[in-house]
Amino acid sequence: MQRRDALRLLGKASVFSVLSTDWLAAKLGAEVAQKAPGALQTLTPAQNDIVVAMSEVIIPATDTPGGKGARVNEFIDLILTEWATDDEKAVFLEGLAEADRRTNELFGRGFAAASPKEQAAIVQGFDDDLAALRNEKIREWIPLWEVPKMAFFEQMRTLTLTGYYTSTIGQEQELKVEIIPGTFNGCALEGPEVKQ
Amino acid sequence: MNSVKKPESYDAIIIGSGMTGGWAAKELTEKGLKVLVLEAGRPIVPEQDYVEHVPVSDMKFRGLADRKERLDTQPIQRMCYACDEWAQKFFINDLENPYTTDPGRPFAWIRGRQVGGKSIMWARQSYRWSDLDFEANARDGYGSDWPIRYADIAPWYDYVEDFAGITGHTEGLSQLPDGHFLPPMEMNCAETAVKEAVARRFGRERVMTVGRAAILTQTHNGRAACHYCGPCHRGCITRSYFSSVNATLPAAEKTGRMTLRPYSVVHSLIFDAHARRVTGVRVIDGQTREALEFQGRILFLCASTLESTRILLNSATPEFSSGLANSSGQLGKNLMDHIMGGGADGEIPGFMDRMQFGNRPNGIYVPRFKNVTKQEKNFLRGYAYQGGADRASWLRGVEESGFGVSLKNSLRKHGPWRLRFYGFGECLPRPENFVEIDKDRVDAWGIPVLKIHCAFSDNEKALFEDMVIEATDMLAASGARDIRPIRENNPPGLTIHEMGTARMGGDPKNSVLNPHNQAHDVKNLFLTDGACMVSSSCVNPSLTFMAITARACDYAVSQMKKGEL
């Protein structure tokens, strides 16, 4: 059950009579209002092209849209603009330049203009570096409220996954999240439609 | 005669509208008193203020919250897991509400200033304390003896459970008495497997039960059963978990005898040295900053552990120069909080065709099993585990490497089951942990702030180490793989189980409150929140605060009827 259906049902059930329909309408309206794509504030058009392409390499379109379709780039631009520290932003933007440098060295063009195979090769290089780094790192406790220090690709990968799975596409189409399940079964059979 | 308006007068004034203030409001109004409830924060209208069904995709920062704003205005509050992008508005602005600590000794003071207080965001775990707890101080000599025992409070546990609605499973354990439970929530496959494995290895010594929580599993007193959306701390439009907004304040409202006044920041109490009574309350209006006074025949302090003590400290008089009702010198002393965050988690093999359906806002509980029947050599008292099992979500992808179709397909499915034991340990009452007024700082309303001196002792640290060892052992006994110790380094305060600083006791020379939560020095003054606690147990305290409050209200009204108050 998707959220809108669930809310509709909640509105009908007598025990939920405390819910006013105005309140529902206001909340659903707010959701629609937020859908308008915002202009980019930090990423230049060239940097944005790299982010769009790389987010699609990390989470490609399959039977559901990928990073590009979920507009992960807009989320990343917001994070860079309003959330990241200056240092984190510098690491990220330098990483985009590094992606272009690596692609140019190997394939003679920038990352965004490279073929999907070439892009995958470059991302594979970054991912190998990340895997090696993680193997070296001793797991130490970082408080929930602190943001760990990350290298560029770790930032890019974390933000892509977060931006994708928390988007409407990620939540409703990919993960089929139910906002109001209505019941709890601790040992339900995993159906053909996997839900989390 | 001058033209100053006579202050409004009530039978009772209650300071605070949260967990205990809500109960005091319900009990005193239902017993016929005309009651004024003073709340420092803003009003809460569930239909407008609750945010529990807003999907993450609608949140500006997709659940990451506005990091810069929070670093600026909520550097302390953001440490609490419940202070998320949705619910952060239920937590105070740290700039407006400062306090000070000793260098290198942080204390995380988590607060909610609104109608409902922290009862809106609490974790809802509801357990009875036992005589193992009420006799603890007498047994090992730390702190002073509790003036009550389980038998004194048991009927009041019954009473508050029957109204609030507590889901749980009866286990027949002496250290964690059973209550009047609504049907228990279900354990999931991995939890059931571990419960059985722990029972095979440890018998009745260690019992894993499903969490006891103030959440309805069936319609109860006109409130609807839980619909398993999950994040209760964002509010609940169906009022399925207990909070003062969801349950006690509406009951008080129904009597027609409650006046609830939000934006009423209490500065201090007015003491009449001749009559030996508190005659009223000095309030600063939170919006206009106007200074106001209200009069009442009796006064209930329910402002939360440290706020209630702060009010008494700020109410010093020439006679009570170190704080009102402090002839014992105990006011502000023996601050406690549970030490949390030692434990372990591990992968539970199997059940890969099974999943949880719905978001159970509750977990598992392993009641205290150390120092129950025999004494450990290296620490006093004990700890309990909360926790639970779940299959890993897409978030596990962030910790791994990989990309592309294989990553996406892998994260579409759940990961393996992992179960976590997360310890909560008892904190000894020690006079070294205390609060006082910091004469150099005031809050946004000009009221002097607290200086908090608090650190965990070697006993708490030894408990913490044991939590890690035994959690690992229980997971190993359950056939878990990839067992990872949990060793968090949380400051005191962050468990949000702060207790003590105005303890109860039979002897006025060494306690602030008598066995009925009445100030020894000021007969018409009652304090029923966590400040009254004499020891901390390792058991979550809110249910005990509720029972103590209902009991004190009953006593206060019976004394009024006898003409004693």
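May I ask you to verify whether residue B:67 is over 30 Å from residue B:293 (Cβ atoms) and either in contact with a helix residue (DSSP H, G or I) (Cβ under 8 Å, 6 or more places away or on another chain) or more than 14 Å from every other protein chain (Cβ to nearest Cβ) (or both)?
Here the answer is yes, as residue B:67 does meet what is asked.
Tell me which residues, restricted to region B:9-22, are of a type outside the set (A, V, I, L, M) and farther than 17 Å from residue B:558 by Cα.
B:9, B:10, B:16, B:17, B:18, B:20, B:21, B:22
What are the residue pairs meeting all of these: first residue in region B:477-489, first residue more than 14 Å from residue B:194 (Cα to Cα) and in contact (Cβ under 8 Å) with a residue 40 or more places away in the chain, second residue assigned to a loop (DSSP other than H, G, I, E, B) and not hydroxyl-bearing (Ser, Thr, Tyr), Cβ atoms under 7 Å, and 6 or more apart or on different chains?
So the pair list comes out as B:487/A:141; B:488/A:141; B:489/A:141.
Taking residue B:388 and the conditions (1) within 14 Å of another protein chain (Cβ to nearest Cβ); (2) touching a helix residue (DSSP H, G or I) at 6+ places or on another chain (Cβ under 6 Å); (3) over 21 Å from residue A:66 (Cβ atoms), which numbered condition does it fall short on, given that it satisfies the others?
Condition (2) is where residue B:388 drops out.
Only one of B:311, B:339 is among the aliphatic types (A, V, I, L, M) and closer than 18 Å to residue B:437 by Cα. Can you tell me which?
Result of the check over B:311, B:339: B:311.
Mind checking whether some residue in region B:40-53 is of a type in the set (A, V, I, L, M), within 8 Å of chain A (Cβ to nearest Cβ) and surrounded by fewer than 20 Cβ atoms within 10 Å (Cβ to Cβ)?
No - not one qualifying residue is present in region B:40-53.
Of the residues B:108, B:138, B:123, only one is within 22 Å of residue B:502 (Cβ to Cβ), out of contact with any Lys or Arg (no Cβ under 8 Å at 6 or more places or on another chain), hydrophobic (A, V, I, L, M, F, W, C) and part of a loop (DSSP other than H, G, I, E, B); which?
From the options B:108, B:138, B:123, the qualifying one is B:108.
Only residues that are more than 14 Å from residue B:182 (Cβ to Cβ), assigned to a loop (DSSP other than H, G, I, E, B), under 23 Å from the mean Cα position of the chain (by Cα) and more than 10 Å from every other protein chain (Cβ to nearest Cβ): list them for region B:203-258, please.
Across region B:203-258, the qualifying residues are B:208, B:231, B:235, B:236, B:243.
Restricting attention to region B:358-374, which residues are in contact with a helix residue (DSSP H, G or I) (Cβ under 9 Å, 6 or more places away or on another chain) and either under 30 Å from residue B:141 (Cβ atoms) or without any contact (Cβ under 8 Å) to a residue 60 or more places away in the chain (or both)?
B:366, B:368, B:369, B:370, B:371, B:372
Of A:191, A:186, A:163, A:110, which residue is within 11 Å of another protein chain (Cβ to nearest Cβ) and assigned to a loop (DSSP other than H, G, I, E, B)?
A:191
Do you know which of the residues in region B:274-296 that are over 29 Å from the mean Cα position of the chain (by Cα) and without any contact (Cβ under 8 Å) to a residue 24 or more places away in the chain is surrounded by the most Cβ atoms within 10 Å (Cβ to Cβ)?
B:279
Is it the case, given these coordinates, that residue A:94 is under 28 Å from residue B:66 (Cβ atoms), in contact with a helix residue (DSSP H, G or I) (Cβ under 9 Å, 6 or more places away or on another chain), surrounded by fewer than 17 Cβ atoms within 10 Å (Cβ to Cβ) and more than 14 Å from chain B (Cβ to nearest Cβ)?
For residue A:94, the condition - under 28 Å from residue B:66 (Cβ atoms), in contact with a helix residue (DSSP H, G or I) (Cβ under 9 Å, 6 or more places away or on another chain), surrounded by fewer than 17 Cβ atoms within 10 Å (Cβ to Cβ) and more than 14 Å from chain B (Cβ to nearest Cβ) - is met.
I want to confirm something. Restricting to region B:182-202 and keeping residues that are in a loop (DSSP other than H, G, I, E, B) and touching a residue at least 60 places away in the same chain (Cβ under 8 Å), which single residue is surrounded by the most Cβ atoms within 10 Å (Cβ to Cβ)?
Filtering first and then ranking leaves B:188.
Would you call residue B:495 at pLDDT 95 or above, crowded, with 20+ Cβ neighbours inside 10 Å and either over 26 Å from residue B:309 (Cα atoms) or in contact with a helix residue (DSSP H, G or I) (Cβ under 7 Å, 6 or more places away or on another chain) (or both)?
No.
Which of the residues spanning region B:389-407 are crowded, with 23+ Cβ neighbours inside 10 Å and either part of a strand (DSSP E or B) or in contact with a His (Cβ under 8 Å, 6 or more places away or on another chain) (or both)?
B:389
Answer with yes or no whether residue B:394 is at the interface with another protein chain (Cβ under 10 Å from one of its Cβ atoms) and at pLDDT 95 or above.
yes
Mind listing whichever residues of region B:91-103 are in a loop (DSSP other than H, G, I, E, B) and of a type outside the set (Phe, Trp, Tyr)?
B:92, B:93, B:94, B:95, B:96, B:97, B:98, B:102, B:103
Can you find even one residue in region B:428-450 that is within 11 Å of another protein chain (Cβ to nearest Cβ), β-branched (Val, Ile, Thr), more than 27 Å from residue B:541 (Cα to Cα) and out of contact with any Cys (no Cβ under 6 Å at 6 or more places or on another chain)?
No, there is no match, as no residue in region B:428-450 is within 11 Å of another protein chain (Cβ to nearest Cβ), β-branched (Val, Ile, Thr), more than 27 Å from residue B:541 (Cα to Cα) and out of contact with any Cys (no Cβ under 6 Å at 6 or more places or on another chain).
So, in region A:124-149, how many residues would count as being of a type in the set (Asp, Glu) and assigned to a loop (DSSP other than H, G, I, E, B)?
Count: 2.
Inspect all residues belonging to region A:143-157 and state whether any of them is touching a residue at least 60 places away in the same chain (Cβ under 8 Å), surrounded by fewer than 16 Cβ atoms within 10 Å (Cβ to Cβ) and of a type outside the set (Lys, Arg).
Within region A:143-157, one or more residues are touching a residue at least 60 places away in the same chain (Cβ under 8 Å), surrounded by fewer than 16 Cβ atoms within 10 Å (Cβ to Cβ) and of a type outside the set (Lys, Arg).
Go through the residues of region A:122-137 one by one and say whether even a single one is surrounded by fewer than 14 Cβ atoms within 10 Å (Cβ to Cβ), more than 30 Å from residue B:66 (Cα to Cα) and basic (Lys, Arg).
No; the residues of region A:122-137 include none that is surrounded by fewer than 14 Cβ atoms within 10 Å (Cβ to Cβ), more than 30 Å from residue B:66 (Cα to Cα) and basic (Lys, Arg).
Output the residues belonging to region B:68-92 that are surrounded by fewer than 18 Cβ atoms within 10 Å (Cβ to Cβ) and touching a Lys or Arg at 6+ places or on another chain (Cβ under 9 Å).
Once the filter is applied, which keeps residues that are surrounded by fewer than 18 Cβ atoms within 10 Å (Cβ to Cβ) and touching a Lys or Arg at 6+ places or on another chain (Cβ under 9 Å), region B:68-92 yields only B:71.
Check B:58, B:84 and return the single one that is more than 9 Å from chain A (Cβ to nearest Cβ) and acidic (Asp, Glu).
One residue alone meets the criteria, B:84.
Tell me which residues, restricted to region B:285-315, are within 16 Å of residue B:326 (Cα to Cα) and in a loop (DSSP other than H, G, I, E, B).
B:314, B:315
Somewhere in region B:545-555, is a residue free of Cβ contacts under 8 Å to residues at least 60 places away in the same chain and farther than 21 Å from residue B:497 by Cα?
Scanning region B:545-555 turns up at least one residue that is free of Cβ contacts under 8 Å to residues at least 60 places away in the same chain and farther than 21 Å from residue B:497 by Cα.
Go through region B:65-90 and report how many residues are under 25 Å from the mean Cα position of the chain (by Cα), in a loop (DSSP other than H, G, I, E, B) and on the phi < 0 side of the Ramachandran plot.
So the answer is 11.
Check off (1) within 7 Å of chain B (Cβ to nearest Cβ); (2) closer than 19 Å to residue A:92 by Cβ; (3) over 17 Å from the mean Cα position of the chain (by Cα) for residue A:119 and give me the number that stays unchecked.
With respect to (1) within 7 Å of chain B (Cβ to nearest Cβ); (2) closer than 19 Å to residue A:92 by Cβ; (3) over 17 Å from the mean Cα position of the chain (by Cα), residue A:119 is out only on (1).
The values are calculated or read from the model by the stated rules, or taken from the named source; none is laboratory data. Values in this document were obtained by computation on a predicted structure and should not be read as measured data. Backbone-built Cβ (ideal geometry, glycine too); neighbour counts: all protein chains shown.
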